[in-house]
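Structure record follows, encoded as structure tokens.
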Amino acid sequence: MIVSTSTLFKQAYGKYAVGAYNINNLEQCMGLFKGCMDSQAPFIVQLSKGARSYTHKKLLEGMLKTADEIFPDAVFAIHLDHGDEATCMDCIASGVYSSVMIDASHESFEKNVEITKRVVDAAHAKGLSVEAELGQLGGVEEDIKVEEAHAKLTNPADAAKFIKLTGCDSLACAIGTSHGAFKFSGTQGLHFEVIQEIGCLCPGFPLVMHGSSSVPAEEVRRINAAGGKMRDAKGVSEADISKAGKMGVCKINIDTDGRLVWTRVHREFFRDFPEKFDLRDPGKVFIVEYAKYIVHKNQILGSAGHLAEVRDACKKAKK
Ligand code: G3H
Ligand code: 13P
Ligand code: ZN
């Protein structure tokens, strides 16, 4: 069942966070659905602009509509990750997405409000929900490069104003994370006080944490042992992720961890079986390993085991 992110957040708020996993291909799609069914968790599949242009956006859209048929018990949102206005409008018109993210966080406050409001109006008219962003993460966001040194945390008072002015349904806040496998170059940690303050000003409003991969040390060790060169890779601790989930962070964005599973599986596979060349052989291993990762992550997020109750609530809401 394809539902909006708002529908999922209504069930999750303050209790657990829903995993928002980026995918680009068939194997990630299978592993994700399998992992979420194995852990009985609702989830969000997200497609970036890069994913949409990797092969063809319609291939991904068709694949997800088909996944909904193959996994009739799954409850999930199809979400655009870090969209610009034109891409948001394209996704809203597609009839496939149930929510979009408009990322105008690099613009001035006023311009961000203006752009976000236009997307909210168009999305709400078609029943989609909208995630917006205020503040700037360190690292790389799609085409937007922001030096970690200049990363700006979200200002809680501005956030409250922004939510009111735009009518957005959830807000991605900058609280010290960054995208990619090399987070926290120094001793920085997460700024939970930002989440807490926004929670006080906007009670019940769903927040989103980007850059939330944990970059598991064991995964990095195995990648390096199989020929990789990923020195000093570091992510967000799982304790911090669980904590955020209980503070009103309803959506936790994870892309890099999935890439690490892919890299580890393929490096080890071709190291151990140098004579093989059938892409389906490592592909099958990847699907199983990615599903295992998803099961573990949904347990950390607290979404595992909530599928039946969310499905019942969604069915009731549709009546
Ligand atoms: O936030 C960015 C996501 O990790 C998507 O990455 O643009 O390389 O697909 P991508
Ligand atoms: P990671 O790079 O930490 O996986 O973050 C992904 C993300 O925020 C996608 O929007
Ligand atoms: Zn992001």
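The values are calculated or read from the model by the stated rules, or taken from the named source; none is laboratory data. Note that this is a predicted model, so its numbers are computed, not measured. Note that each Cβ is placed from the backbone with ideal geometry, even for glycine, and that neighbours are counted across all protein chains shown. To get the accessible areas, we keep the full protein, side chains included, count just its heavy atoms, and leave off ligands, DNA and RNA. Shrake-Rupley method; radii C 1.70, N 1.55, O 1.52, S 1.80 Å.
Quick one: what Rg and Dmax do you get for region 1-77 from the alpha carbons, in Å?
Radius of gyration, then largest Cα-Cα span, for region 1-77: 12.4, 38 Å.
Where nothing but the Cβ of Lys and Arg (+1) and of Asp and Glu (-1) is charged, how large is the charge dipole of region 1-135 around its Cα centre, in debye to the nearest 20?
On the way: 12 positive and 17 negative charges, 42 e Å.
Here the size comes out at about 200 debye.
What does the charge dipole of the chain about its Cα centre add up to, to the nearest 20 debye, if the Cβ of each Lys and Arg holds +1 and the Cβ of each Asp and Glu holds -1?
600 debye
Report the one residue of Q40, H124, G235 whose Cα lies farthest in the direction of the positive end of the charge dipole of the chain (charges on C-beta: Lys and Arg +1, Asp and Glu -1; origin at the Cα centre).
The residue sitting farthest along the positive end of the dipole is Q40.
Which number comes out as Rg/Rh for the chain once both Rg and the Kirkwood Rh are worked out on C-alpha atoms?
Using only Cα positions, Rg/Rh for the chain is 0.95.
In Å², and per residue, what accessible area does the chain have when probed at 1.4 Å with the other protein chains present?
Details: 13840 Å² over 319 residues.
Roughly 43 Å² per residue, with all protein chains present.
Helix-only mean residue ellipticity at 222 nm, the chain, DSSP H runs n ≥ 4 weighted -39,500 (n - 2.57), per residue, nearest 500. What is it?
That comes out to -15500 deg cm²/dmol.
Which of the lysines could a cross-linker bridge to K34, judged by Cα under 16 Å and excluding same-chain residues fewer than eight apart?
Partners found: K65, K284, K292, K297.
Count the DSSP beta bridges whose two residues both fall in the chain, then state the antiparallel fraction as a percent rounded to the nearest 5.
10 percent
Please list M101, M89 in order of solvent-accessible area, largest first, computed with a 1.4 Å probe with all protein chains present.
M89, M101
With N set to the residue count of region 32-92, report its C-alpha Rg divided by 2.2 N^0.38 Å to two decimal places.
Normalised Cα radius of gyration, region 32-92: 1.18.
Which order do you get for S237, S53, S303 if you rank them by accessible area with a 1.4 Å probe, largest at the top?
S53, S237, S303
Once label points are set 7 Å from the Cα along Cα→Cβ at both T66 and S237, what is their separation, rounded to one decimal in nm?
Reported label-point gap for T66 and S237 is 4.3 nm.
Once ligands and nucleic acids are excluded and a 1.4 Å probe is used, how much of K243 is accessible, expressed in Å² to the nearest 10?
100 Å²
Quick one: which of K58/K315; K117/K161; K126/K152; K49/K243 span more than 23 angstrom between C-alpha atoms?
K58/K315; K126/K152; K49/K243
Using a 1.4 Å probe and ignoring any ligands, DNA or RNA, find the accessible area of D240 and quote it in Å² to the nearest 10.
40 Å²
At a probe size of 1.4 Å, how large is the accessible area of S129, to the nearest 10 Å²?
10 Å²
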